[in-house]
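The next block holds one structure in the form of structure tokens; read it before the comments.
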Amino acid sequence: MTAAFRGPRKAKYRQLSHTADLGLRIWGSTPEELFENAGEALTAVLTDRRRLRLRHIEEITVEAPDLEALLVAWLNHLLYLYDVDAFLGREFKVQGLSPQHLKALARGETYDPQRHESKTAVKAATYHHLEIANLNGGWQATVILDL
Amino acid sequence: MASQIKLRQVDEYRWEIPREGKMRTRGLIFASQKMLSKIRDDQSLQQVANVATLPGIEGASLAMPDIHWGYGFPIGGVAAFNLEEGVVSPGGVGYDINCGVRLLRTHLQRAEVAPRIEELVNALFSNIPSGLGSRRKDLKLTVPTLHEVMRLGAGWAVKKGFGTKEDLAHIEAQGQIPGADPELVSEHAMDRGKDQLGTLGSGNHFVEVGYVLEIYDDQVAGALGLFKDQITVIVHTGSRGLGHQVCDDYIKVMLKAAQKYGIELPDRQLCCAPLSSPEGKQYLAAMAAAANFAFANRQMITHWVRESFEQVLQMGPKDLGLELIYDVAHNIAKIEEHLVNGKKKKVCVHRKGATRAFPPGHPETPAAYQKTGQPVLIPGDMGRYSFVLVGTEQALTETFGSTCHGAGREMSRHMALKTAKGRNIVRELAAQGIIVKGAGRATIDEEISEAYKDVESVVEVAHGAGISRKVAKLKPLGVIKG
């Protein structure tokens, strides 16, 4: 992996400041890894990811017109699972990815206010300043969350 | 990321972005000189200019004094589009469809409630689910019931015994936006909404018990039933996950529609469709359904506010006098009749983080306020104060009857957390006589006073420019936060 632009520690993601909302910058050596890291980045906004146990697996399929829209659809589907089943993923595995289609697994558990930290609520991932770029042999995405 | 947008000062409170390039109209920003330097720091002015490029825009692309950087439309943005060539944009309403504020008055004095405030906050906190992914275990709605909620809005709640008919007369659009079609709301959206009716959610949503600190207009305050030291309650929340999903669903529809109708977009989040197109009409009908869900949500919460007061103070409804003053939507698109270039015309007014501010005598101003103008409710941050204003003729002619909606953030959440680090915000506020209870420490820290503009500076601009008129200032005593 030569993605030197990610810095020496090969961060998976970073939160970007935005006055009212929150941006995520996500990195991955492949588009698959980029999507996996995006899942982690989103969970980390909602709660302390490390306290989630791997007790349940969700199979997820999403579709969109292009890769950038697919990233938004992926994150919004994870928010949907959270709203409906209180499910939060700790680890993510992409099983199939094309610009219009994503199949992935999310491993995690049901959010329990007694056990898990409540961080920042996210309404949605938006298309504003949405970007996926292939840089120096690695992938970088920017997405802004509406809080 | 300072914006390079050209700006011309019109007067003390008005700034113009001259029409340039692809803009179809000018931008008009209501702000003071002092606020402007902050506004220039982000991209909100560019967003005002972007909105001005959309087809069918009537009048200026407007920004209220609490303008800040949103996504697509700026927060504090107002734009009206004609029904012939104009568009409707889910991004111009936002994810929290019909996020709004309602204000209740009481017969109680500050001195009666202040000693019991901690108990009251605890009761509110246990009766109204709040926080990340809050849901009601006691109220899971079936699809047919959800459909009814989305059709009837606050009226559904009243029909089920949550509140009175009198409440409905004191809600924007009587708590029911016409034209709602629940069939156009996806299963995903209903999944998210089924156990969220009557929940507060998280972020900047709250229920606040406060008191009247100051009155600026005795006559209007009297007509609104407000008096000094009176206990008041503010509820701020919206359509929860159901609304978020409707917005997300229709943004996808609009991305395709914008292409189909050849609408050029400076930002994908501005995606839209002509109001006359099937996509545009469908969005408006789905949005109305989500908006009605939000009206019902605030109505249900009001019921539990009343119950909490009864429990703690051991008083009956008549003695408490917890009556609704008004309920306003501040994230919404509405078909309204306005005077455009001297002619009456139906337009679709998008208010994204902006409040309707109709004047005395307007047919949509409720009967009780025909002489005063429609009440406008502007919540501030949890440590300072909130304002009650009324709508004006000036707003109707200049801003399609719109004004500001809140303080507007000044600090990013990161900066707020940094500022709050090592401090105990709950204890600091308690020392000032404000009891705050939240589901998570992070939300409270992110919402510290310093993170917000002083709402008074925002209200001064709205009042000074004449797009609404100050009536009273409210001070918090107890707050529950998501």
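Quick one: which residue in B:A462, B:A439, B:A451, B:A430 is touching a Pro at 6+ places or on another chain (Cβ under 8 Å) and over 24 Å from B:L226 (Cβ atoms)?
Values: B:A462 fails: over 24 Å from B:L226 (Cβ atoms); B:A451 fails: touching a Pro at 6+ places or on another chain (Cβ under 8 Å); B:A430 fails: touching a Pro at 6+ places or on another chain (Cβ under 8 Å).
Exactly one of B:A462, B:A439, B:A451, B:A430 is touching a Pro at 6+ places or on another chain (Cβ under 8 Å) and over 24 Å from B:L226 (Cβ atoms), namely B:A439.
Kindly provide the set of residues from the stretch B:401-447 that are within 14 Å of chain A (Cβ to nearest Cβ), of a type in the set (A, V, I, L, M, F, W, C) and either closer than 21 Å to B:L28 by Cα or within 21 Å of the chain's Cα centre (by Cα) (or both), ordered by number.
The initial filter retains those residues of the stretch B:401-447 that are within 14 Å of chain A (Cβ to nearest Cβ), namely B:405-420, B:437-447.
Okay, now just the ones that are also of a type in the set (A, V, I, L, M, F, W, C), so B:407, B:411, B:415-417, B:420, B:439, B:442, B:444.
Answer for the stretch B:401-447, where residues must be within 14 Å of chain A (Cβ to nearest Cβ), of a type in the set (A, V, I, L, M, F, W, C) and either closer than 21 Å to B:L28 by Cα or within 21 Å of the chain's Cα centre (by Cα) (or both): B:A407, B:M411, B:I444.
Given B:A223, B:A189, which one is more than 14 Å from every other protein chain (Cβ to nearest Cβ), hydrophobic (A, V, I, L, M, F, W, C), out of contact with any strand residue (DSSP E or B) (no Cβ under 8 Å at 6 or more places or on another chain) and in contact (Cβ under 8 Å) with a residue 12 or more places away in the chain? So that I can check it myself, show each step before the final result.
On the way: B:A189 fails: more than 14 Å from every other protein chain (Cβ to nearest Cβ).
The conditions single out B:A223.
Being buried (at least 21 other Cβ atoms within 10 Å of the Cβ), touching a residue at least 60 places away in the same chain (Cβ under 8 Å) and aromatic (F, W, Y), is that true of even one residue in the stretch B:352-362?
So far as the stretch B:352-362 goes, no, none of its residues is buried (at least 21 other Cβ atoms within 10 Å of the Cβ), touching a residue at least 60 places away in the same chain (Cβ under 8 Å) and aromatic (F, W, Y).
As an exercise: evaluate B:G210 against (1) within 27 Å of B:G280 (Cα to Cα); (2) touching a Leu at 6+ places or on another chain (Cβ under 6 Å) and give the number of the one condition it does not meet.
The number of the failed condition is (1).
Could you check the stretch B:275-328 and list, in sequence order, the residues that are of a type in the set (D, E, K, R), assigned to a helix (DSSP H, G or I) and under 24 Å from B:E166 (Cβ atoms)? Can you show your working first?
Step one: filter the stretch B:275-328 for residues of a type in the set (D, E, K, R), giving B:279, B:281, B:298, B:306-307, B:310, B:318-319, B:323, B:327.
The next check asks that each one be assigned to a helix (DSSP H, G or I); those that pass are B:279, B:281, B:298, B:306-307, B:310, B:318-319.
B:R298, B:R306, B:E307, B:E310, B:K318, B:D319 - these are the residues of the stretch B:275-328 that are of a type in the set (D, E, K, R), assigned to a helix (DSSP H, G or I) and under 24 Å from B:E166 (Cβ atoms).
The rows are residues; the columns are (1) within 14 Å of chain A (Cβ to nearest Cβ); (2) touching a strand residue (DSSP E or B) at 6+ places or on another chain (Cβ under 7 Å).
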{"position": "B:I231", "(1), (2)": "no, yes"}
{"position": "B:V253", "(1), (2)": "yes, no"}
{"position": "B:Q259", "(1), (2)": "yes, no"}
{"position": "B:Q269", "(1), (2)": "yes, yes"}
{"position": "B:L275", "(1), (2)": "no, yes"}
{"position": "B:E279", "(1), (2)": "no, yes"}
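If you take the residues of the stretch B:235-251 that are crowded, with 24+ Cβ neighbours inside 10 Å and in contact with a Ser or Thr (Cβ under 7 Å, 6 or more places away or on another chain), which of them is farthest from the other protein chains (Cβ to nearest Cβ)?
Only one residue tops the list, namely B:V235.
For the stretch B:162-184, check the following and say yes or no: at least one residue is under 17 Å from B:I97 (Cβ atoms), at pLDDT below 95 and in contact with a strand residue (DSSP E or B) (Cβ under 6 Å, 6 or more places away or on another chain).
no
Against the definition (among the acidic types (D, E) and more than 11 Å from every other protein chain (Cβ to nearest Cβ)), how does A:E68 come out, yes or no? So that I can check it myself, show each step before the final result.
Working: among the acidic types (D, E): yes; more than 11 Å from every other protein chain (Cβ to nearest Cβ): no.
Criteria not met by A:E68.
Return the residues of the stretch A:123-144 that are more than 9 Å from chain B (Cβ to nearest Cβ) and touching a residue at least 24 places away in the same chain (Cβ under 8 Å); say none if nothing qualifies. So that I can check it myself, show each step before the final result.
Step one: of the stretch A:123-144, the residues more than 9 Å from chain B (Cβ to nearest Cβ) are A:131-143.
Of everything in the stretch A:123-144, those that are more than 9 Å from chain B (Cβ to nearest Cβ) and touching a residue at least 24 places away in the same chain (Cβ under 8 Å) turn out to be A:E131, A:I132, A:L135, A:N136, A:G137, A:G138, A:W139, A:Q140, A:A141, A:T142, A:V143.
Could you tell me which residue of the stretch A:39-48 is surrounded by the most Cβ atoms within 10 Å (Cβ to Cβ), considering only residues that are within 14 Å of another protein chain (Cβ to nearest Cβ) and in a helix (DSSP H, G or I)?
First, the residues of the stretch A:39-48 that are within 14 Å of another protein chain (Cβ to nearest Cβ): A:42-48.
Those still in the list that are in a helix (DSSP H, G or I) too: A:42-46.
Details: A:L42: 26, A:T43: 22, A:A44: 18, A:V45: 18, A:L46: 22.
Per the stated criteria, the residue is A:L42.
The values are calculated or read from the model by the stated rules, or taken from the named source; none is laboratory data. Only a predicted model underlies this, so the values are computations on that prediction, with no experimental measurement involved. When we count neighbours, we look across all protein chains shown, and the Cβ atoms used for this are built from the backbone with ideal geometry, even at glycine.
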